[in-house]
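S.K.: Below is a structure I'd like to ask you about.
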Amino acid sequence: MSQLPSQCDQPGPASGNQSGVSSALTKLLALFRTTNDPARQQAIAKAYVPILRPILIPASVYYIYVTWEHWQTQTGLILAIYCFISATTAVSYYLFRRYLLGNERVTLGQLELVNLAINLLIYINVLSYLLVYNEQARYIYFVLMAVIFSITGATLRVVLFSVFLSLTTLYFLAWSLPDERLAEYVSICVATAFASISMSALLRSAILRQIDARLLADDLTAKAQRLADTDMLTGIPNRRAIFQKIDDLISERRPFWMGIFDLDGFKAINDVYGHILGDNLLCAIVERVGNLDLPDTTFGRIGGDEFVVIVQGTLCEEEIRRFGTSVIDAISRPYPIDHMALSVGVSAGLSHFPAMGSTGAQLYEKADYALFKAKAQLGGQCFLFDTAEDAEMKQAIAIERALREGNLETELYLLFQPQFSPRQQRVVGFEALARWHSPKLGLVRPDQFIRAAERSGHIRRVSTILFKQGLKRLAEWPPDISLSFNLSGQDISDRSFILSLLGQIMRSGISPSRIEFEITETAVMTDIETSKTLLEELRASGCKIALDDFGSGYSSFEYLDQLPLDKVKIDRSFIRKVSHNTKTREIVAGIIGLCSKLDLRCVLEGVETRDEMNILAELQPDLIQGYLYGRPMPAEAALQVIRDQDSRLGDGSVPHAQSA
């Protein structure tokens, strides 16, 4: 049977009141409890300094006046004691203010000592006077002191000690008074104590609320700052944080190396396996670099597959080169991800502060230029910027700026050089050669602006504009005339770009078999597997693939086996020697024969004189390209060559080579 609560179990009014008083006291004491949080302690000190500081100069002036008043009214030993106390107080207040002004990082403990010293000096001045002149009218000073101490007290210890000291002294001074007067002063002490503690609690509550709000705002700001400075994928410093670090080191004049590490072949992994796996690979790369022993080093990500390393200290060039090579070797090892062993290459370019630049922008430009040199040399290498290349780099930067700011649709154009068939005695195609006339720089050499476009990321835009122009001209030619178009290394490593070229061909209505894409050995050797895959897609669409500058690289014959080729263009360096070098002539003959057996067309580049052609004719070349049969010419001139050829062949006449 359930029992009803008895009357004794019910909380009475007295116990409820006790609970309320206890709760109020707990809350009151909590306001005065000294926090253990260093940040909150510092914030409290920072909040109370402006409360203490303004009263110190008026108080110092007041005690100077008190010193003067003592000088006028006192004599003998009393004069010396009073003047010493009041003058010491005036000077101390001035020095306290100087200390609080000059020290922005005053701790709470230091502020407590200053606070206590200020209170004790006031107390000593009043007490010393009343010990000699026991004027009852001036007892009120202790009440005023208690109020002042409660307002200016930074901590509970200071407030309680100061208020207790002043009111206890008032009580003892009033002890000798009649009981009625003593009772009045006791009432005054009690009322003052409650009023002082209450005022201090109210003020402290308001200050602490502001402090907590500011600390919360600071914490949120710090978190936002960390997010703003952190790469969200990998958790390492991002571009903003890295360049802020560089600026800080430069402002402190501390020497360091800045290195840019760029992944080779990462884009192909992204395209083939998807961005999720690519993101996992980036995280694995960052984790591996983080496990290396790299003291005084900051590693950050500034772009998709581009990282920056800041190495502080005075490492010499040989040491930093070994450092860069060790990072490259670590990153280049395979990564086991999703039951696959993925591999990427990496190239690096480094610059030094202050030897190679005085600003972050200069250091980045020079490291980026060194990186471009490294990637141009097969990749997988670490290059340091060479100060001897400063003029070359400035020229490259000027070209990049003109590419970025120029109207490339109108400034870029093509010239066309004929490819002549000795067997058919006619021009069977043209190679499209890029040209650029900049309003700022004038006519820029193709090798210069192509390199600058590759380095600055403008090459796809350049290739797209030129290919569009080439298709327009090809549409004007007869169906038996083909067009050869050069692709850069970046072009043939970008699947989306290759697909965009195929899209242009489909929209033009031109047969893909009339279009030939020329590549070089250096363009494919950075990532041959990706290049091979994309070239196979081009060839599957009906386009032809030609290997340019055959024989100028390191392993040309290997590419004959690995790449889906239709044509080989023998480098002009061989052609120049055929008239006086028997070995070279035999090499050229061997390549022509090899191409015939592999069912590859073969072009001899750079044929300029009739003597060269007479010697080469014995080798039965397939196609000839050079000044002998036509210099690079505008589209209108190329069209006229075709018309003249059609007219001549219709008459049965034999074409004549141009004079070299």
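S.K.: Take the residues of the range 158-185 that are among the hydrophobic types (A, V, I, L, M, F, W, C) and not in a helix (DSSP H, G or I): which is most open to solvent (accessible area, probe 1.4 Å)? Steps first, answer last, please.
M.R.: Residues of the range 158-185 that are among the hydrophobic types (A, V, I, L, M, F, W, C), as a first pass: 158-161, 163-165, 167, 170, 172-175, 177, 182-183.
Right, trim to not in a helix (DSSP H, G or I) and you get 175, 177.
Numbers: W175: 154, L177: 32 Å².
Among them, the one singled out is W175.
S.K.: Go through the range 623-645 and count every residue that is out of contact with any helix residue (DSSP H, G or I) (no Cβ under 7 Å at 6 or more places or on another chain) and surrounded by fewer than 21 Cβ atoms within 10 Å (Cβ to Cβ).
M.R.: 14
S.K.: Looking at T522, is it open to solvent by 50 Å² or more (accessible area, probe 1.4 Å), among the polar types (S, T, N, Q) and either in contact with a Pro (Cβ under 6 Å, 6 or more places away or on another chain) or under 26 Å from D271 (Cβ atoms) (or both)?
M.R.: Details: open to solvent by 50 Å² or more (accessible area, probe 1.4 Å): yes; among the polar types (S, T, N, Q): yes; either in contact with a Pro (Cβ under 6 Å, 6 or more places away or on another chain) or under 26 Å from D271 (Cβ atoms) (or both): yes.
So T522 passes the test.
S.K.: Restricting the first residue to the range 503-519 and requiring it to be surrounded by 18 or more Cβ atoms within 10 Å (Cβ to Cβ), which pairs with a second residue that is polar (S, T, N, Q) and assigned to a helix (DSSP H, G or I) meet a Cβ separation below 9 Å and a spacing of at least six or different chains?
M.R.: Cβ pairs passing all conditions: I519/S531.
S.K.: Within the range 214-226, is even one residue in contact with a Leu (Cβ under 9 Å, 6 or more places away or on another chain) and surrounded by 15 or more Cβ atoms within 10 Å (Cβ to Cβ)?
M.R.: no
S.K.: Among (1) outside any loop (DSSP other than H, G, I, E, B); (2) at pLDDT below 90, where does D644 come up short?
M.R.: All conditions are met except number (2).
S.K.: Then there is this: Go through the range 48-78 residue by residue and tally those that are open to solvent by less than 30 Å² (accessible area, probe 1.4 Å), aliphatic (A, V, I, L, M) and over 60 Å from the mean Cα position of the chain (by Cα).
M.R.: 1
S.K.: On to the next question. Report yes if L249 is open to solvent by 40 Å² or more (accessible area, probe 1.4 Å) and hydrophobic (A, V, I, L, M, F, W, C), otherwise no. Quick ask: steps written out before the conclusion?
M.R.: On the way: open to solvent by 40 Å² or more (accessible area, probe 1.4 Å): no; hydrophobic (A, V, I, L, M, F, W, C): yes.
The answer is no for L249.
S.K.: Ok, one more. Which of the residues belonging to the range 561-578 are basic (K, R) and surrounded by fewer than 20 Cβ atoms within 10 Å (Cβ to Cβ)? Walk me through it before giving the result.
M.R.: Kept after step one, since they are basic (K, R), are these residues of the range 561-578: 567, 569, 572, 576-577.
Result: R572, R576, K577.
S.K.: Looking at the structure I just gave you, is T155 surrounded by 19 or more Cβ atoms within 10 Å (Cβ to Cβ), more than 58 Å from the chain's Cα centre (by Cα) and of a type outside the set (K, R)?
M.R.: So T155 does not fit the description; no.
S.K.: Considering only residues of the range 90-112 that are touching a Leu at 6+ places or on another chain (Cβ under 7 Å) and open to solvent by less than 40 Å² (accessible area, probe 1.4 Å), which is farthest from T67 (Cα to Cα)?
M.R.: So the residue we want is V106.
S.K.: Report yes if some residue within the range 529-537 is surrounded by fewer than 20 Cβ atoms within 10 Å (Cβ to Cβ), modelled with pLDDT under 85 and more than 28 Å from P478 (Cβ to Cβ); otherwise report no. Break it down stepwise before answering.
M.R.: Applying the first criterion (surrounded by fewer than 20 Cβ atoms within 10 Å (Cβ to Cβ)) to the range 529-537 yields 529, 532-533, 536-537.
Now restrict to residues that are modelled with pLDDT under 85: 529.
From what's left, more than 28 Å from P478 (Cβ to Cβ): 529.
Within the range 529-537 (the criterion being surrounded by fewer than 20 Cβ atoms within 10 Å (Cβ to Cβ), modelled with pLDDT under 85 and more than 28 Å from P478 (Cβ to Cβ)), the answer is yes, since at least one residue qualifies.
S.K.: Among the strands (runs of 3 or more DSSP E) confined wholly to the range 409-510, which include 3 or more residues that are touching a His at 6+ places or on another chain (Cβ under 6 Å) and acidic (D, E)?
M.R.: It comes to none.
S.K.: Enumerate the pairs (first residue in the range 218-239 and on the phi > 0 side of the Ramachandran plot; second residue anywhere and surrounded by 10 or more Cβ atoms within 10 Å (Cβ to Cβ) and among the aliphatic types (A, V, I, L, M)) with beta-carbon separation below 9 Å, excluding pairs fewer than 6 apart on the same chain, so at least 6 apart or on different chains.
M.R.: From the range 218-239, the pairs are G235/V286.
S.K.: Just to verify a result, which residue in the range 417-460, among those that are among the charged types (D, E, K, R) and at pLDDT 95 or above, is nearest to E405 (Cα to Cα)? Walk me through how you get there before you give the answer.
M.R.: Going residue by residue through the range 417-460, those that are among the charged types (D, E, K, R) are 423, 426, 431, 435, 440, 445, 447, 451, 454-455, 460.
Add one more test, that the residue is at pLDDT 95 or above, and what stays is 431, 435.
Numbers: E431: 28, R435: 17 Å.
Only one residue fits best here, namely R435.
S.K.: Let me ask something else. What pairs can you find where one residue is in the range 444-459 and under 19 Å from F485 (Cβ atoms), the other is outside any helix (DSSP H, G or I) and of a type in the set (D, E, K, R), and their Cβ atoms are less than 7 Å apart, with a gap of 6+ or different chains?
M.R.: Final answer for the pair search is P446/R435.
S.K.: Considering every residue within the range 122-130, establish whether at least one is under 22 Å from F161 (Cβ atoms), under 59 Å from the mean Cα position of the chain (by Cα) and surrounded by 13 or more Cβ atoms within 10 Å (Cβ to Cβ).
M.R.: Restricting attention to the range 122-130, the residues satisfying the condition of being under 22 Å from F161 (Cβ atoms) are 122-130.
Within this subset, residues satisfying the condition of being under 59 Å from the mean Cα position of the chain (by Cα) are 122.
Of the ones still in play, those that are also surrounded by 13 or more Cβ atoms within 10 Å (Cβ to Cβ) are 122.
Taking every residue of the range 122-130 in turn, at least one turns out to be under 22 Å from F161 (Cβ atoms), under 59 Å from the mean Cα position of the chain (by Cα) and surrounded by 13 or more Cβ atoms within 10 Å (Cβ to Cβ).
S.K.: On to the next question. What residue, of L441, L415, is over 18 Å from D262 (Cβ atoms), in contact with a helix residue (DSSP H, G or I) (Cβ under 6 Å, 6 or more places away or on another chain) and among the hydrophobic types (A, V, I, L, M, F, W, C)? I'd like the intermediate steps shown before the answer.
M.R.: On the way: L415 fails: in contact with a helix residue (DSSP H, G or I) (Cβ under 6 Å, 6 or more places away or on another chain).
Within the list L441, L415, the selection yields L441.
S.K.: Here's something else I'd like to know. I'd like the full set of residues that are touching a Cys at 6+ places or on another chain (Cβ under 9 Å) and of a type in the set (A, V, I, L, M, F, W, C), limited to the range 347-369. Steps first, answer last, please.
M.R.: If we filter the range 347-369 for residues that are touching a Cys at 6+ places or on another chain (Cβ under 9 Å), which is where we start, we get 347-350.
Listed by number, the residues that qualify are A348, L350.
S.K.: Among the residues of the range 490-501, is there at least one that is touching a helix residue (DSSP H, G or I) at 6+ places or on another chain (Cβ under 6 Å), open to solvent by 40 Å² or more (accessible area, probe 1.4 Å), among the polar types (S, T, N, Q) and modelled with pLDDT under 95?
M.R.: Checking the range 490-501: at least one residue is touching a helix residue (DSSP H, G or I) at 6+ places or on another chain (Cβ under 6 Å), open to solvent by 40 Å² or more (accessible area, probe 1.4 Å), among the polar types (S, T, N, Q) and modelled with pLDDT under 95.
S.K.: So which of I450, I459, I481, I465 is open to solvent by 40 Å² or more (accessible area, probe 1.4 Å) and of a type in the set (A, V, I, L, M)?
M.R.: Values: I459 fails: open to solvent by 40 Å² or more (accessible area, probe 1.4 Å); I481 fails: open to solvent by 40 Å² or more (accessible area, probe 1.4 Å); I465 fails: open to solvent by 40 Å² or more (accessible area, probe 1.4 Å).
Within the list I450, I459, I481, I465, the selection yields I450.
S.K.: Being surrounded by 14 or more Cβ atoms within 10 Å (Cβ to Cβ) and not polar (S, T, N, Q) is the filter here, so list the residues in the range 273-296 that pass it.
M.R.: The initial filter retains those residues of the range 273-296 that are surrounded by 14 or more Cβ atoms within 10 Å (Cβ to Cβ), namely 273, 277-278, 280-286, 288-289, 294.
Once the filter is applied, which keeps residues that are surrounded by 14 or more Cβ atoms within 10 Å (Cβ to Cβ) and not polar (S, T, N, Q), the range 273-296 yields Y273, L277, G278, L281, L282, C283, A284, I285, V286, R288, V289, L294.
S.K.: Can R209 be described as among the charged types (D, E, K, R), closer than 30 Å to Q74 by Cα, open to solvent by 20 Å² or more (accessible area, probe 1.4 Å) and free of Cβ contacts under 8 Å to residues at least 24 places away in the same chain?
M.R.: On the way: among the charged types (D, E, K, R): yes; closer than 30 Å to Q74 by Cα: no; open to solvent by 20 Å² or more (accessible area, probe 1.4 Å): yes; free of Cβ contacts under 8 Å to residues at least 24 places away in the same chain: yes.
Against the criterion (among the charged types (D, E, K, R), closer than 30 Å to Q74 by Cα, open to solvent by 20 Å² or more (accessible area, probe 1.4 Å) and free of Cβ contacts under 8 Å to residues at least 24 places away in the same chain), R209 does not qualify.
S.K.: Restricting the range 79-89 to residues that are among the hydrophobic types (A, V, I, L, M, F, W, C) and more than 15 Å from Y133 (Cα to Cα), which is surrounded by the most Cβ atoms within 10 Å (Cβ to Cβ)? Break it down into steps so the answer makes sense when it comes.
M.R.: Kept after step one, since they are among the hydrophobic types (A, V, I, L, M, F, W, C), are these residues of the range 79-89: 79-81, 83-85, 87.
Filter again for more than 15 Å from Y133 (Cα to Cα), leaving 80, 83-85, 87.
Working: A80: 12, C83: 17, F84: 13, I85: 20, A87: 17.
The residue in question is I85.
S.K.: Could you grab me the full set of residues in the range 356-404 that are open to solvent by 50 Å² or more (accessible area, probe 1.4 Å), free of Cβ contacts under 8 Å to residues at least 40 places away in the same chain and more than 28 Å from S332 (Cβ to Cβ)?
M.R.: Taking the range 356-404 and keeping what is open to solvent by 50 Å² or more (accessible area, probe 1.4 Å), we get 358-359, 361-362, 365, 373, 375-378, 381, 383, 386-388, 391-392, 394-395, 401, 404.
This time we only want the ones that are free of Cβ contacts under 8 Å to residues at least 40 places away in the same chain, so: 361-362, 365, 373, 377, 383, 386-388, 391-392, 394, 401.
A361, Q362, T387, A388, A391, E392, K394, R401 - these are the residues of the range 356-404 that are open to solvent by 50 Å² or more (accessible area, probe 1.4 Å), free of Cβ contacts under 8 Å to residues at least 40 places away in the same chain and more than 28 Å from S332 (Cβ to Cβ).
S.K.: Additional query: Among the listed residues T298, T314, which satisfies the condition of being hydroxyl-bearing (S, T, Y) and within 17 Å of S326 (Cβ to Cβ)?
M.R.: On the way: T314 fails: within 17 Å of S326 (Cβ to Cβ).
Answer to the check: T298.
S.K.: May I pose another question? Filter the range 409-434 for residues that are among the hydroxyl-bearing types (S, T, Y) and open to solvent by 30 Å² or more (accessible area, probe 1.4 Å); which is farthest from L474 (Cα to Cα)? Let's see the steps before the verdict.
M.R.: Residues of the range 409-434 among the hydroxyl-bearing types (S, T, Y): 410, 413, 421.
With the extra rule that they be open to solvent by 30 Å² or more (accessible area, probe 1.4 Å), the set shrinks to 410, 413.
On the way: T410: 19, Y413: 14 Å.
This residue is T410.
S.K.: Here's something else I'd like to know. Residues of the range 307-330 being among the aromatic types (F, W, Y) and not in a helix (DSSP H, G or I), which ones?
M.R.: Looking only at the range 307-330, we keep the residues that are among the aromatic types (F, W, Y), and these are 307, 323.
Within the range 307-330, just F307 meets the criteria.
S.K.: Let me ask another. Within the range 590-607, can you find the residues that are open to solvent by 40 Å² or more (accessible area, probe 1.4 Å) and touching a helix residue (DSSP H, G or I) at 6+ places or on another chain (Cβ under 8 Å)?
M.R.: L594, L598, R601
The values are calculated or read from the model by the stated rules, or taken from the named source; none is laboratory data. Owing to the predicted nature of the structure, the values given are computational and were not obtained by experimental measurement. Note that we place each Cβ from the backbone using ideal geometry, even for glycine, and neighbour counts take in every protein chain shown. The protein model used for the area step is the full one, side chains on, heavy atoms only, and it has no ligands, DNA or RNA in it. Shrake-Rupley method; radii C 1.70, N 1.55, O 1.52, S 1.80 Å.
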